[in-house]
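The structure that follows is given in the form of structure tokens.
The values are calculated or read from the model by the stated rules, or taken from the named source; none is laboratory data. These numbers were taken from a predicted model, which means no experiment stands behind them. Note: ideal-geometry Cβ built from the backbone for every residue, glycine included; neighbour counts use all protein chains shown.
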Amino acid sequence: MKHYFISLFFSVSIVFFGCKKNNPSSETTVEEVAPNDIGLATTNQLFNYWDESITLFFDLNKGNRALVSENESLYLHIGLITTGSKDEHDWKEVATDWSKNIEAYKLNRQPNGSYSITINPTQIFKGINGSEVFKIALLIRNAAGTLVQRNKDGSDIYIPVALKNKAALVFLQPNTQPTYILTTEKESYMLNEELAIDVLSNIRGKLSIRIDNVVQESVNDVLKHTFTCKFGKLGFHIITARIEANGSTFEEQIQVFVNDKPEIAELPLHANKNGITIDKQSKAVTFALTAPGKLNVFLLGSFNNYQVESKYVLKQTPNGDTWWLTLTDLDFSKKHTYQFLIDGQFKIADPYSHIILDPVYDGSIGKSIAYLPSYPKENTAGNVSVLDLNNEEYRWKVQNFIKPNPYDLVIYELLTRDFSMAHDFLSIRDSIPYLKRLGINAVELLPIQESEGNSSWGYNPSFHLALDKYYGRENELKSLVDNLHLQGIAVIVDVVLNHAFGQSPLAQLYFENITTSSSNIWFNMQARHPYNVGYDFNHESAYTQDFVKDVLKYWMVEFKIDGFRFDLSKGFTQKNTGVSGDDVASWSAYDAGRIAIWKDYHNYLKTIDPTCYVILEHFAVDEEERELAATGMLLWNNMNRSFNEATMGYHTASQSDLSRLFAEAHGFETPNLISYMESHDEERIQFKNAQYGNVVGSYSVKNLSTALDRIKAAATFLLTSPGPKMIWQFGEFGYDISIDENGRTGEKPLKWDYLKNASRSGLFDHYAKLIRLKKTNPIFRNATLQLSSLKDGLKYYVMTAGGQRVLVIGNFDIVNRDLSITNALSGTWYDNMHHSILNWEVGHHIAIKPGEYYLLSKTKLIN
């Protein structure tokens, strides 16, 4: 994951209330630094000469503290910043291999818990001219290379080097962090607070001090000089010390951040507590950010060249939660970019951004984002938010879409990236005729919120209210939704609110080391359940609950989304059942706290849209799911393994049992189960048929047409059982590329040409017919299961509703099977697949071939 932090230099003019000079000194004593005096990185001498040994001491309790709890061996990673480096990140002459643990670079643990290592630059970097070296660049890592000690701001560690007979200097005061441009160890100074600066040179000469490029004083023929200053203006300031001696010149800089107590003021009436509030009539824009515990927040943006100015410091609400600022001079004809600067230490994009610019990944998207402002690379770093004050409003054709009955749903789960060559919303819109032919009445889009990277499944979210522009523009998504609604197709969005990844501003606001701190108001420090990725939301926090509700409301109102599938919904718990795979049973047990969380979210959604679909990927015990279902929520019902064992022809120990297709097996009163054979998360049915299908004599499930016929039988059982159903994209024509092709979440090849194959197009037609029957016959909505036999290779069930009676039979064995007609199966049946009348009497035996199936009804089904 990527973390973005504040750049190291800001040029800000300041006003000094006073600068107190002290007598310059022409003599000084250079002392060794004792281990007790060390910072994150300290050397045993004040001047680190290129051709002498240098002992480095490291205090892992400082900086990002990534290795503070590490008990194994630690290693130095080392290189140079030279005249050939483009910037401070451009290491040259890297002497160590990250993948190799070399004994010579192993750190020594000191009795006080610090670490040390002695190096000689000329021996490590042989043949390098020291005059071309600016800094030695360092990192400390664990043996696996998975944990890395850095500065507090995430930057590399830098050690200055000096040459004998060449001028050099160091700051003795204030204490500093080993950043490229030194920063004070004290994170900020208050306005008018006195700062003592103590400078030492290795050669007597002319020593001068500048602050923000304004010379403060200059003294001749000295080694050491001390002075004190007070800053009269907020923001960043650069202190530059310069020594001129023996015909050489050397400069060193410290960056200082000056702070002040914020103005306390209530949030304006009608302003949002987070994000942007736009008043076009008064040309006012209010920016708001929830960040309790912070000292100050500055607004940086294209409107102020990302400079810290007192005009752009945010006010704080009396309760300390919200920071806000209203601007009335923004150009409403432009798109602007902006960030928040927090405590002078780091920048974040707006957590409530609707569009962001990502300097790392946007370059691979290409011309499709040319409508957005260019990334302000000369002024800032990290993700930035986009504020469009003149966006084109979408004109909806369907204002009030009437959603399908939840029990009639046939959902088509779809990954935008892998559905078309273009990987975009417009291609899906152009494919609506195909979806209409198939007959589905809902599309479920895998996550479309901004996630880390571009080509992914989207379960690594970073900005929950931002559209992933990799898939298209906001109005293109609206056009897709609108056109699906025109065809009677609902739109469900998969949302990931169990966790967020490291680009999330909500995580970055309270980072400590590489994880969230105990101060974070949204996240747990440690995940409370197995299978968590990223940072685990605490859904018992009122801040998290507000955030989740804001996210859901935005997508429902702005894009007319009809419902949500909640990823990893079982993770919305604070019960802390453990995080290993062995803890899944405890995690899945009845959890009253989790139920309360979900009832609250469900109730909130119903206040916005009473017909909204709430779908949970839950997989908890039936007792808990039954309680959630009773409120109207729909639960994912994974039947992949049972169906695939059936299609492959394996039935030992009831491994192909389909009983849990029915609500009765779960103890539900209504079929609030979304059953499926395939999903984005499961192996493809046809792949396993082809690879592992059973074979007896000349009958082979590995044969394509045979396997597809067996999928027809499986689809018949799936789609005619009561309640909502789901199909994973391309399952309707037997997609057989493994989920692990090109990596589990990697891009998969398109196989639209499969529809040219008669067997595959026949499977599509079969799906279309079953879907049509399901949608037009009420018995498939909520029937009563009367009789079933679903554990053996020969499977059947009988259900009734409203005077209709349906019998579904399928032989999933690989040999012929006889069905003995009992009283419950006897009578006159209409064969809806072959359009014939069957008269079955008690005691008859019906021979059923492997892969053969029946969909029978008392009267002909409406087609």
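Residues checked against (1) of a type in the set (Lys, Arg); (2) touching a Ser or Thr at 6+ places or on another chain (Cβ under 6 Å); (3) assigned to a helix (DSSP H, G or I):
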site	(1), (2), (3)
404	no, no, no
411	no, no, no
418	no, no, yes
423	no, no, no
437	yes, no, yes
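For segment 111-141, give me each residue that is closer than 13 Å to residue 41 by Cα and either touching a His at 6+ places or on another chain (Cβ under 9 Å) or surrounded by fewer than 20 Cβ atoms within 10 Å (Cβ to Cβ) (or both).
Correct list: 114, 116, 118, 137, 138, 139, 140.
Okay, next question. Among the residues of segment 576-601, write down those that are surrounded by 14 or more Cβ atoms within 10 Å (Cβ to Cβ), of a type in the set (Ser, Thr, Tyr) and at pLDDT below 95.
577
Within the bounds of segment 779-799, is there any residue that is touching a Pro at 6+ places or on another chain (Cβ under 9 Å), among the basic types (Lys, Arg) and either outside the structural domain of residue 720 (by TED's automatic domain parsing) or buried (at least 17 other Cβ atoms within 10 Å of the Cβ) (or both)?
Scanning segment 779-799, I find at least one residue that is touching a Pro at 6+ places or on another chain (Cβ under 9 Å), among the basic types (Lys, Arg) and either outside the structural domain of residue 720 (by TED's automatic domain parsing) or buried (at least 17 other Cβ atoms within 10 Å of the Cβ) (or both), so the answer is yes.
Here are 97, 87: which of them is surrounded by fewer than 15 Cβ atoms within 10 Å (Cβ to Cβ), in the same structural domain as residue 156 (by TED's automatic domain parsing), of a type in the set (D, E, K, R) and modelled with pLDDT of 95 or more?
None of the others qualify; the one that does is 97.
Next up: Sort through 398, 443 and tell me the only one that's among the β-branched types (Val, Ile, Thr), within 26 Å of residue 551 (Cα to Cα) and not in a loop (DSSP other than H, G, I, E, B).
The unique qualifying residue is 443.
Can we say residue 533 is closer than 24 Å to residue 587 by Cβ, of a type in the set (Val, Ile, Thr) and in contact with a His (Cβ under 8 Å, 6 or more places away or on another chain)?
Against the criterion (closer than 24 Å to residue 587 by Cβ, of a type in the set (Val, Ile, Thr) and in contact with a His (Cβ under 8 Å, 6 or more places away or on another chain)), residue 533 qualifies.
Test of understanding: among 597, 608, which residue is touching a residue at least 40 places away in the same chain (Cβ under 8 Å), in the same structural domain as residue 668 (by TED's automatic domain parsing), closer than 24 Å to residue 663 by Cα and among the hydrophobic types (A, V, I, L, M, F, W, C)?
597 is the lone residue from the list that is touching a residue at least 40 places away in the same chain (Cβ under 8 Å), in the same structural domain as residue 668 (by TED's automatic domain parsing), closer than 24 Å to residue 663 by Cα and among the hydrophobic types (A, V, I, L, M, F, W, C).
I would also like to ask the following. Might you check whether a residue that is under 40 Å from the mean Cα position of the chain (by Cα), buried (at least 20 other Cβ atoms within 10 Å of the Cβ) and closer than 23 Å to residue 657 by Cβ occurs anywhere in segment 728-738?
Within segment 728-738, one or more residues are under 40 Å from the mean Cα position of the chain (by Cα), buried (at least 20 other Cβ atoms within 10 Å of the Cβ) and closer than 23 Å to residue 657 by Cβ.
Considering segment 641-665 alone, what residues qualify as being of a type outside the set (Asp, Glu), assigned to a helix (DSSP H, G or I) and surrounded by fewer than 19 Cβ atoms within 10 Å (Cβ to Cβ)?
Those that are of a type outside the set (Asp, Glu), assigned to a helix (DSSP H, G or I) and surrounded by fewer than 19 Cβ atoms within 10 Å (Cβ to Cβ): 641, 652, 653, 654, 659, 660, 665.
Go through segment 227-285 and tell me which strands (runs of 3 or more DSSP E), entirely inside it, have 2 or more residues that are surrounded by 21 or more Cβ atoms within 10 Å (Cβ to Cβ).
Here the list reads 235-245, 248-259.
Name every residue in segment 543-572 that is outside any helix (DSSP H, G or I) and either touching a Lys or Arg at 6+ places or on another chain (Cβ under 7 Å) or free of Cβ contacts under 8 Å to residues at least 12 places away in the same chain (or both), in order of residue number.
Within segment 543-572, 562, 572 meet the criteria.
Yes or no, residue by residue, for (1) modelled with pLDDT of 95 or more; (2) more than 27 Å from residue 537 (Cβ to Cβ):
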| position | (1), (2) |
| --- | --- |
| 454 | no, no |
| 463 | yes, no |
| 467 | yes, no |
| 470 | yes, no |
| 486 | yes, yes |
| 496 | yes, no |
| 502 | no, no |
| 506 | yes, no |
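Between 669, 682, 678, which is assigned to a loop (DSSP other than H, G, I, E, B), surrounded by fewer than 16 Cβ atoms within 10 Å (Cβ to Cβ), free of Cβ contacts under 8 Å to residues at least 60 places away in the same chain and among the charged types (D, E, K, R)?
After applying the criteria, what remains is 669.
Yes/no per residue for (1) in a loop (DSSP other than H, G, I, E, B); (2) within 35 Å of the chain's Cα centre (by Cα):
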| position | (1), (2) |
| --- | --- |
| 97 | yes, yes |
| 100 | yes, yes |
| 111 | yes, no |
| 128 | yes, no |
| 144 | yes, yes |
| 171 | no, no |
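Condition check ((1) without any contact (Cβ under 8 Å) to a residue 12 or more places away in the chain; (2) crowded, with 17+ Cβ neighbours inside 10 Å; (3) more than 25 Å from residue 483 (Cα to Cα)) across all residues:
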{"position": "337", "(1), (2), (3)": "no, yes, yes"}
{"position": "344", "(1), (2), (3)": "no, yes, yes"}
{"position": "348", "(1), (2), (3)": "no, yes, yes"}
{"position": "354", "(1), (2), (3)": "no, yes, no"}
{"position": "360", "(1), (2), (3)": "no, no, yes"}
{"position": "363", "(1), (2), (3)": "yes, no, yes"}
{"position": "403", "(1), (2), (3)": "no, yes, no"}
{"position": "423", "(1), (2), (3)": "no, yes, no"}
